[in-house]
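The values are calculated or read from the model by the stated rules, or taken from the named source; none is laboratory data. Keep in mind that this is a model prediction, so the values were computed, not measured. So basically every Cβ, Gly included, is an ideal-geometry build from the backbone, and we count neighbours across all protein chains shown. Each accessible area value is taken on the protein alone, full model and side chains, heavy atoms only, with ligands, DNA and RNA left out. Shrake-Rupley method; radii C 1.70, N 1.55, O 1.52, S 1.80 Å.
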Amino acid sequence: GGILPYIFIIFCFMGAMYPAIDLGAGEKERGTLETLLIAPATRIEILMGKFGVITLSGLLSAMICFLGIFVSIQFVDEIPEEVIKIGLDLLQPSIVLQILTLMIPIALLFSSLLLILSIYAKSFKEAQSIMGPLQIIVIFIIIIGTMPGITLNLKTVWIPILNVSLAMNDIISGTLSYSLYFFVVLSLLFFTFCSIWLSIKFMSREDVIFRG
C-alpha cells in the first residue's frame, strides 16, 4: 500500500503534462494562439480556461488509477489475497475522500507549473525537453518520501509533492494528523496561487507569447 500514493501522483502529473504542452507550446507551433488572442476574451480568461482543462485532465488520470484498482480487485482472480485486502482498505469512502482532497490541490499545482513552462516554450519539442527534467525532479522527490525517517511534520508540509506523498502514506496507514493535513492543502494552494500569478505575468508579455 505504501507505493500507491506515488502512483497517484505520477498519474496526475503525466495526465496534466501533455495537455499543458499542447495548449501552450502546441498552439504556438500551430499558429492558432494568435487567433485565440483576438477573440473577445481577456488573456486571463483564456489562461484560466487552459488551466481548468489541464487540471481536469490530471484529476481524470488519477481517477482512472483509482478505477483501475477497483476493477482489478473485482474482476482479476490472479491477484493475491493480501493485495486485495490492501485495495479494499484503500477504497473505503473516508480514505478515498481524503486522498481526492489532496489530489485536487496537487493537480492545480502541477497544472499551473506546466502551463508556465508550456507558455514559455516556443515549440512542442522544446516544451517536452523542458518538462523532462521536471518529471525527473518529481520522481526524485517521491523517492525521498520512501526513505526511512522522512515523516510529515511542520517542515515537510511546506515541500510540494513530498508533503502529498507523506500525507497519503499517513492516510493509508491510519496515522494522519488533521492539523498537518490542513497545512499540506494550504501550502499547495499557496504555491498554486504563486504559479498562476506567474502564468498571468507570462501571458501578458508579448516577448514570451511570440517567442521565436
Would you list which lysines come within 20 Å of LYS122, measuring only between C-alpha atoms, while excluding same-chain residues fewer than 8 positions from it?
LYS28, LYS50, LYS201
Counting each DSSP H run of 4 or more residues in the chain as -39500 (n - 2.57), what helix-only mean residue ellipticity at 222 nm follows after dividing by all residues, to the nearest 500 deg cm²/dmol?
-25000 deg cm²/dmol
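Between rounded, prolate and oblate, where does the range 12-66 land on the alpha carbon gyration tensor, with a ≥ b ≥ c its root eigenvalues, rounded for a/c under 1.5, else prolate if a/b exceeds b/c?
oblate
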Angle check, please: helix 178-203 long axis (alpha carbons) against the longest principal axis of the chain (alpha carbons), in degrees 0 to 90, nearest 10.
20 degrees
Of the candidate values (i) 34, 19, 15; (ii) 27, 19, 16; (iii) 83, 17, 13, the one computed for semi-axes √(5λ) of the Cα gyration tensor in Å from this structure is (i)
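Using heavy-atom solvent-accessible surface (probe 1.4 Å) with all chains present, what is the largest-first order of ILE119, ILE3, ILE159?
Greatest to least solvent exposure: ILE3, ILE159, ILE119.
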State the Cα centre-to-centre distance between the range 34-64 and the range 85-151 in whole Å.
19 Å
Report the relative contact order of the range 1-156, percent, no decimals, based on alpha-carbon pairs under 8 angstrom and at least 6 residues apart.
40 percent
In square angstrom, rounded to the nearest 10, how much accessible surface does SER204 have for a 1.4 Å probe?
80 Å²
Principal-axis tilt of helix 43-75 within the chain, Cα atoms, nearest 10 degrees
30 degrees
Using a probe of 1.4 angstrom, how much of the accessible area of the range 138-212 is carbon and sulfur, in percent?
74 percent
C-alpha long axis of helix 93-120 to longest principal axis of the chain, angle in °
30 degrees
For VAL53, the net charge from surrounding residues (Cβ-Cβ under 14 Å; K, R +1; D, E -1) works out to -2
With contacts defined as alpha carbon pairs under 8 Å and 6 or more residues apart, what's the relative contact order of the range 95-212 in percent?
41 percent
Calculate the spin-label point distance for MET48 paired with GLU34, positioning each point 7 Å from the Cα along the beta-carbon direction, and give it in nanometres.
2.8 nm
Which value, in Å² and to the nearest 10, is the accessible area of ASP170 when all protein chains are kept and the probe is 1.4 Å?
30 Å²
Decide, for the range 1-109, between rounded, prolate and oblate: order the square roots of the alpha carbon gyration tensor eigenvalues as a ≥ b ≥ c, take rounded if a/c falls under 1.5, and otherwise choose prolate if a/b is larger than b/c, else oblate.
prolate
What nm distance separates the two modelled labels at SER173 and ILE139, each placed 7 Å from Cα along Cα→Cβ?
2.5 nm
State in Å² the accessible area per residue of the chain; use a 1.4 Å probe, count heavy atoms of protein chains only, and round to the nearest integer.
51 Å²
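Report the extension gain between LEU198 and ASN153 in nm, rounded to one decimal, defined as 0.36 nm multiplied by the number of residues separating them, less their alpha carbon distance.
13.4 nm
When the accessible area of the range 1-54 is computed with all protein chains present and a 1.4 Å probe, what percentage of it is carbon and sulfur?
Result for the range 1-54: 72 percent of the exposed heavy-atom area is carbon or sulfur.
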